[in-house]
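Undergrad: The structure under discussion is supplied below as structure tokens; questions concerning it will follow.
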Amino acid sequence: MKIPMTEYLAIDLDREMWECRCCGHVIQSARENYKKGLLVYDRNPREIHKPLLDTTKYQRSFAPDPAWCALLEYYCPSCGTLVETEYTVPGHPPLHDMEFDIDALRAQWKDRPAPASVEIPDDDERIRKLRETHAH
Amino acid sequence: MGHTDNQMKAALSADEQALLDTFLEENSLFYGPDPAIMRDHHIGPRTEVEDALLNSELDPHALNLVRGRLHAALDETYDMVEQMGTAPGAKWGDLVTAVYTATGDLSSISPKGVVVFSGVCHYPLKFIAKYWAHDPTVGLREGDGFIHNDSRYGNIHNTDQSMIMPVFHEGEVICWVSSTIHEGENGACEPGGMPAAAESKWDEGLKMPPFRIVENNQVRRDLLTFLQNSVRDPKLQYEDVKVKLHACLRLIERIRSVIAEYGKENLIACLRKNIEDVDVEVRRRIREMPDGTVRTHAFIDGTLRENVLIKYNLTVTVKGEHMILDVRGSSPEFTNRSINTTLASLKTCIATAYLLYIWPDLPHNMACFSAVEVLSDENSLLDSSFDAPNCMSLIPLFKSFTLPTIALAKFMYSCPTRYTAIYSSHFNQPYTFIYGGVTQHGEVTGNFCADINGNGGGARENRDGEHAVAPCFGYMCDTGEQELIEEELPVLRLVAQHLTKDRVGFGKYRGGLGYEQLITSRDAGFWGFMTGGTGSLHPSAYGLFGGYASPVYTLCKIREVNVFDTLKTDPRSFKFDLVELMNEQAIPGAKYGAYDMGMTFEPVQEGEVYMICQGAGAGYGDVLDRDPNLVIRDLEEDLISHETARALYHVVYDTDSLVLDVEATRAARAAERESRKRRGKPFDEFVAEWVRPEPPEDLPYYGSWDDPTRIYAGQGAGRVVMQRGAVQGVMMPNPKDVRIAELEAQLAAATAGRG
Ligand SMILES: [Zn+2]
């Protein structure tokens, strides 16, 4: 059974592996940091958040200071999807952000039906229905 | 201490000991905040009455009617305060009314109200019940009203003032009610109630532990005069005490009619059941989550006085129905800076994040957080001491609305049920103008602009964030009517609510944009502005699952010119756009400058222009997954530039017609995915060359690095390292002294060798 854990990552409970949800690439043991199976790029944050003010006139320009802000981009090595971004301080150890108990996860899903596409409460839809109920 | 106590105990007889105990009990020198109250955020145990009622046969229909009546009363009193309140915060929705159980647990708030405001009142309320109710010089009677604002006794910051009243029935307290407004002015060292310049708690203005200002439903004029005498805006202080009192009185009236109609039993049972039902449901929802640990952190880039990097560390662990939030390893407190927060305020804001972004369908009370435990370092930024100033606690507190949202998203994504769409970060800094001075009507005032309520929403897993929609701490607040503001204040907005093109968190779904505003002063006696926000070097609101953060923000000024003269003589030289104005520098003789978002109070001359943006929400998902048609729509709506559409989203289209080239876009995005694979490095290789054992030496860094038990403070030779359990406050040098030392060094270097 494959459990979707984020927009781009699933855990395959049978193989106990992190997987890319876009291309099915097997990334890393689910008992380890998934980042170990991804590619990392130290992106200059000013390439994403570009200076809007003339940097010859001003020190501050709506763009981050690369000495104070690093932006790590994690890519799937197979399909190149940007799986996660990490805003941090230059040289700060990347976070082991998700560490799940795989045995507990298996036990939790033992009696659940296989994950289908989850229904997201649509706010507009909910408000429309509420209005209908109150209308009569 | 213990040694001496034991010696004394050995020498005292039982009678003497009893006498000593009674003496000590009756003769406290000072009733400070009680840690037994302030460090406990859990709902209390049932009273005997509650227990008997909840074990009896209850009529669910009657309970539902009581709940409906209470909600209607809370809604009604919210509207009363909003219509009658004098504070800008009251007029634009920064307020709440609430009802509590007899023992002081928050049971329900006004549906439109700001959750955080009532989420703190149970602390002073429990203080009143524990200390004042039985004190012969104070007591607790029908018709009493207690005022309160000191966050060390439970509050967000001391610019919010509350009125708290017991509701008596048959001679006993049956429940409590409260009304809270963000008042603004409070007599602090800077006008407006949020002084970034405060260096001690004595600089922060009124610090009211709960005290009785209302007797027999009447405001005591002597005490009110003392409060008016302590602030810059005596009219505000006078009117809003009365507004809050009358909201409470209306609530009490409605509660009495509920008792008359449904009986006190149904009221008591309803109030308690509101809380217990939420607690049970929250535990069930935590059990739905996978067991494990999610780690996250945020960096704050300043204290509002200097640029330093401050870590807010958050590790969330779920096991069964238990959830632990561990903020240890965060920065130490700043002894002489105002951005510290008490632990109780922190917990209330995190709980509010749960109600706004994680489980918005739950009834709004504090039981949503009762199942959660919080671990913190004492004397840290997030669990500051009694002596640390905290009037700008919003700086870390605003992060507390978004950091748990990011962490919890990683626990909730796999759950079989969604209670709301997964949400990226709402913008999370208090960007607005705070002002003070003498108005065109000759009145002294100080307060803040309601633009703090115009933050961009975060992107969700299924749609873009909304523009300038709400503050991160509430959802029904407005940004104010400029015409009304101009009637009262000498403040003119030259540009209002102009969306911040290209300043947003990009992603598969983008955040909602903030807006630019350009303001100036006119017809004032004396006038000045301040701003209190961070996020000018390091972004404030981070993205989720590949989404990018909000950008950083810059405070811009055009000074030493009267823009009203320019508008008269050469109107075309004035561009109604922040970026154009700043880059063209078209006004002759004007001094243009771009600065950090934190500015202490600064006097302003008529016609000088100050410009800020409301922040944007963060993005969700990979930019290359964004529907190219949505990118075209962003171009049509002038939300992004062609450069962003092409370089970031890799969309190909005709520049003039904006007609999308689907095939070329697909090819451009495939090419970008390939170039990502070429430039990315394997993780272990990257870590080996990039990671440092300690924070960069020249970076003023506060907080842990990889090990949360080792906490760094400072830079270079002055850096200290503290161990968990021994965290101490950090004293910062005066920024002016730092600047003088720099200039003296430059001067010495320049004149060296001249003999
Ligand atoms: Zn992939």
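Undergrad: What value in Å³ per residue do you get for the convex hull of the alpha-carbon atoms in the protein assembly as shown?
TA: Hull volume over Cα atoms, normalised by residue count, gives 219 Å³.
Undergrad: What total accessible surface area, summed over both chains, is buried at the interface between chains B and A, computed with a 1.4 Å probe and given in Å² to the nearest 100?
TA: So the buried area, both faces added, is about 7100 Å².
Undergrad: Okay, next question. Check each residue of the stretch B:393-434 and keep those whose accessible area, probe 1.4 Å, is at least 30 Å² smaller with all protein chains in place than in the chain alone; give them in order of residue number.
TA: By number: B:Lys410, B:Tyr413, B:Ser414, B:Pro416, B:Arg418.
Undergrad: Averaged across the residues of B:689-695, what count of C-beta atoms belonging to other chains lies within 10 Å of each residue's C-beta?
TA: Taking the mean over all residues of the peptide, I get 4.
Undergrad: Going by a 1.4 Å probe on protein heavy atoms, which residues of the stretch B:660-679 end up with at least 40 Å² less accessible surface in the whole assembly than in their chain alone?
TA: When all protein chains are present, B:Arg673, B:Arg676, B:Lys677, B:Arg679 each give up 40 Å² or more of accessible surface.
Undergrad: Would you mind working out the magnitude of the charge dipole of the stretch A:2-134 relative to its Cα centre, with +1 at each Lys and Arg C-beta and -1 at each Asp and Glu C-beta, to the nearest 20 Debye?
TA: Around 260 debye, computed over the stretch A:2-134.
Undergrad: Rounded to the nearest 20 Debye, what is the dipole magnitude of the stretch B:137-225 about its Cα centre when Lys and Arg each give +1 and Asp and Glu each give -1 at the C-beta?
TA: Around 140 debye, computed over the stretch B:137-225.
Undergrad: Using a 10 Å cut-off around each Cβ of peptide B:289-297, what is the average number of partner chain Cβ atoms that fall inside?
TA: The mean count of partner-chain Cβ atoms within 10 Å per residue comes to 6.
Undergrad: Which percent of Cα pairs goes in each bin when the distances of the stretch B:551-709 are cut into 5 angstrom slices starting at zero?
TA: 1, 6, 11, 11, 10, 11, 12, 13, 11, 8, 4, 1, 0
Undergrad: Hey, another quick one. With every protein chain present, what is the per residue accessible area of the stretch A:2-134 (1.4 Å probe, Å²)?
TA: So the stretch A:2-134 comes to 43 Å² accessible per residue, rounded to a whole number.
Undergrad: Can you send over the carbon and sulfur percentage of the accessible area for chain B, probe radius 1.4 Å, protein chains only?
TA: Carbon-and-sulfur percentage of accessible area, whole number: 52.
Undergrad: Sticking with this one: Hey, which of these cross-link pairs are over 22 Å Cα-Cα: B:Lys112/B:Lys508; B:Lys568/B:Lys591; B:Lys207/B:Lys557; B:Lys207/B:Lys244; B:Lys347/B:Lys410; B:Lys347/B:Lys508?
TA: B:Lys112/B:Lys508; B:Lys207/B:Lys557; B:Lys347/B:Lys508
Undergrad: About the Cα centre of the stretch B:283-409, how large is the charge dipole given +1 on each Lys and Arg Cβ and -1 on each Asp and Glu Cβ? Please answer in debye to the nearest 20.
TA: Taking the Cα centre of the stretch B:283-409 as origin, the dipole is about 280 debye.
Undergrad: Once you keep just the Cα pairs under 8 angstrom separated by 6 or more residues, what percentage relative contact order results for chain B?
TA: Averaging sequence separation for qualifying contacts and normalising by length gives 12 percent for chain B.
Undergrad: Specify the angular offset, from 0 to 90 degrees and rounded to the nearest 10, of the alpha carbon long axis of helix B:14-26 from the longest principal axis of the alpha carbons in chain B.
TA: The helix B:14-26 is inclined about 50 degrees to chain B.
Undergrad: Short version: which residues of the stretch A:1-26 lose at least 20 Å² of accessible area, all chains versus chain alone, 1.4 Å probe?
TA: The answer is A:Pro4, A:Met5, A:Thr6, A:Glu7, A:Tyr8.
Undergrad: Which value, in Å², gives the accessible area per residue of the stretch B:49-262 when a 1.4 Å probe is used on the protein heavy atoms?
TA: 33 Å²
Undergrad: Counting only Cα, what are the radius of gyration and maximum Cα-Cα distance Dmax of the stretch B:49-262, in Å?
TA: Radius of gyration, then largest Cα-Cα span, for the stretch B:49-262: 17.1, 58 Å.
Undergrad: On a full-extension model of 0.36 nm per residue, what is the gain between B:His134 and B:Lys681, subtracting their alpha-carbon distance, rounded to one decimal in nm?
TA: Extending this stretch completely gives an extra 190.2 nm.
Undergrad: Go ahead and estimate [θ] at 222 nm for chain B from helices alone: -39,500 (n - 2.57) per DSSP H run with n ≥ 4, summed, over the residue count, rounded to 500.
TA: -9500 deg cm²/dmol
Undergrad: Treating cross-link reach as a plain straight distance, find the lysines whose alpha-carbon is under 16 Å from the alpha-carbon of B:Lys242, omitting any fewer than eight places away in the same chain.
TA: B:Lys91
Undergrad: Which order do peptides B:429-436, B:536-543 fall in by mean Cβ count within 10 Å, highest first?
TA: Going from most to least packed, we get B:536-543, B:429-436.
Undergrad: How many partner chain Cβ atoms sit within 10 Å of a residue's Cβ in peptide B:550-559, on average, as a whole number?
TA: Per-residue shielding by partner chains comes out at 4.
Undergrad: Divide by every residue of chain A the summed helix terms, -39500 (n - 2.57) for each DSSP H run of at least 4, and state the resulting mean residue ellipticity at 222 nm, rounded to the nearest 500 deg cm²/dmol.
TA: Only helices count here, giving -5500 deg cm²/dmol.
Undergrad: Compare the peptides B:137-146, B:310-319 by average per-residue count of other Cβ atoms within 10 angstrom and give them in order, highest first.
TA: For the peptides B:137-146, B:310-319, the packing ranking is B:310-319, B:137-146.
Undergrad: A further question on this structure: I'd like the carbon and sulfur percentage of the solvent accessible area for the stretch A:2-134, probe radius 1.4 Å, heavy atoms only, ligands and nucleic acids excluded.
TA: 48 percent
Undergrad: Contact order normalised by length for the stretch B:49-262, with contacts defined as Cα pairs under 8 Å and 6 or more residues apart; what percent is it?
TA: Result for the stretch B:49-262 is 22 percent.
The values are calculated or read from the model by the stated rules, or taken from the named source; none is laboratory data. This is a predicted model, so every value here is computed, not measured. All Cβ positions, even for glycine, are placed from backbone atoms using ideal geometry, and neighbour counts span all protein chains on display. Surface areas here come from the heavy atoms of the whole protein model, side chains and all, with no ligands, DNA or RNA. Shrake-Rupley method; radii C 1.70, N 1.55, O 1.52, S 1.80 Å.
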